[in-house]
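Colleague: Before we start, here is the structure in question, set down as structure tokens.
The values are calculated or read from the model by the stated rules, or taken from the named source; none is laboratory data. Predicted, not measured: the structure shown is a model, and the values here were computed from it. Using ideal geometry, Cβ is built from the backbone for each residue, glycine included, and neighbour counts are taken over all protein chains shown. With ligands, DNA and RNA removed, areas are computed over all heavy atoms of the protein, side chains included. Shrake-Rupley method; radii C 1.70, N 1.55, O 1.52, S 1.80 Å.
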Amino acid sequence: MKRMRIALVAAAAAATLALAGCTSGSDDAGSDEPAPTFEAGTTMARLQEAGEITIGTKFDQPLFGLAGPSGEPEGFDVEIGKIIASELGIAEDKINWVETVSANREPFIESGQVDLVVATYTINDERKEVISFAGPYYMAGQSILVLADNDDITSEDDLVGEKVCSVTGSTPAEKLAEIGAEPVLTDTYTNCLEPLRAGEVVAVSTDNVILAGLAAQNEGEFKVVGEPFTEEPYGIGVKLDDTDFRMFINDVLEESYDDGRYEEAWNSTAGTVLPFVDPPAVDRYEN
Ligand code: GLU
């Protein structure tokens, strides 16, 4: 009986080997290889060969990308960047983190200063003219932050004709102008907090998750009001024509949804303040 089982196991192993032999040379889907091989000439092959990657992210946005005392950023976007790097066989300590603010994300990608950007980065048609986006991997929405004792502002309608702080090169800055608020623009969202405290602006407006991070970091001082009034699908920015790299990142995202790494990344960062929601479907658009 025992011998019979061994024989069967041996036969099964031989069949597996034969199967592996048949498929070698094609793609390695289904393999558990820690170091996948990529087609020569692709960005994936170049990065894997280099053993390092440069990723642009925010450095002053709690929950998504915040540089800690060590100088290394932490947050959900940072974890997404680490997942992508690991699928290229690149260790965490071989990731070069570069601060990208809202206005310099496209130029940093176009010039090759960064290999990719994960930075609360809304996918939209205007940006898709100059770069490409993998994802979306999260759906945020524009919202409003006011002083904790302000009961006058409860929705975007209350911003009409009012000074509201946001950031140059961001989608919320454009939306504020569109709805008739008076945008007061700076380079990062933390730079909006002093003007809010000083009463130079009545509110700060950007994505709900960014505002939630700023409110949590400054407990009791601010509050987020109203319902989100835009859709901000977060994508990962890569060079315009690098479709192979974009599709590779899309594959990695989908794998991370299935195997629990995405949820784990959320729970250890933004999930300490915000509820988990299932990620939106990846959009493999043609450009
Ligand atoms: N998601 C918006 C954008 O990409 C606002 C957040 C940001 O500026 O990073 O413009």
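Colleague: Kindly provide the set of residues from segment 194-207 that are buried (at least 18 other Cβ atoms within 10 Å of the Cβ) and aliphatic (A, V, I, L, M), ordered by number.
Modeller: LEU196, VAL201, VAL202, ALA203, VAL204
Colleague: So which pairs qualify, if the first residue must be in segment 237-257 and under 14 Å from VAL282 (Cα atoms), the second must be outside any strand (DSSP E or B) and open to solvent by 30 Å² or more (accessible area, probe 1.4 Å), the Cβ gap must be under 7 Å, and the two must be at least 6 apart or on different chains?
Modeller: Once the first residue is under 14 Å from VAL282 (Cα atoms) and sits in segment 237-257, its partners that are outside any strand (DSSP E or B) and open to solvent by 30 Å² or more (accessible area, probe 1.4 Å) give MET247/ARG284; ASN250/ARG284; VAL252/GLU87; TYR257/PRO279.
Colleague: Also: Note down all Cβ pairs under 8 Å where the first residue falls in segment 56-82 and is among the hydroxyl-bearing types (Ser, Thr, Tyr), the second is open to solvent by 10 Å² or more (accessible area, probe 1.4 Å) and outside any loop (DSSP other than H, G, I, E, B), and they're at least six residues apart or on different chains.
Modeller: The qualifying pairs are THR57/TRP97; THR57/VAL98; THR57/GLU99.
Colleague: Follow-up question, since we're still on this one. In segment 237-287, which residues are open to solvent by 30 Å² or more (accessible area, probe 1.4 Å), charged (D, E, K, R), under 14 Å from LYS128 (Cα atoms) and not in a strand (DSSP E or B)?
Modeller: Selection gives ASP241, ASP242, ASP283, ARG284, GLU286.
Colleague: Another question about this same structure. If we scan segment 238-258, do we find a residue that is within 16 Å of the ligand (Cβ to nearest atom) and within 22 Å of GLY75 (Cα to Cα)?
Modeller: The answer is yes; a qualifying residue exists.
Colleague: How about segment 102-144: which of its residues are within 13 Å of the ligand (Cβ to nearest atom) and part of a strand (DSSP E or B)?
Modeller: VAL117, THR122, ILE131, PHE133, GLY135, PRO136, TYR137, TYR138, MET139, ALA140, GLN142, SER143
Colleague: Additional query: Among the candidates ILE179, ILE153, ILE210, single out the residue that is of a type in the set (A, V, I, L, M), within 16 Å of the ligand (Cβ to nearest atom) and open to solvent by less than 40 Å² (accessible area, probe 1.4 Å).
Modeller: ILE210
Colleague: I'd like to check something: does segment 83-91 contain any residue that is of a type outside the set (S, T, N, Q), within 16 Å of the ligand (Cβ to nearest atom) and either open to solvent by 40 Å² or more (accessible area, probe 1.4 Å) or not in a helix (DSSP H, G or I) (or both)?
Modeller: No, segment 83-91 contains no residue that is of a type outside the set (S, T, N, Q), within 16 Å of the ligand (Cβ to nearest atom) and either open to solvent by 40 Å² or more (accessible area, probe 1.4 Å) or not in a helix (DSSP H, G or I) (or both).
Colleague: Please return the ranges of helices (runs of 4 or more DSSP H) entirely within segment 158-236 where 3 or more residues are more than 21 Å from PRO62 (Cα to Cα) and not hydroxyl-bearing (Ser, Thr, Tyr).
Modeller: 171-179
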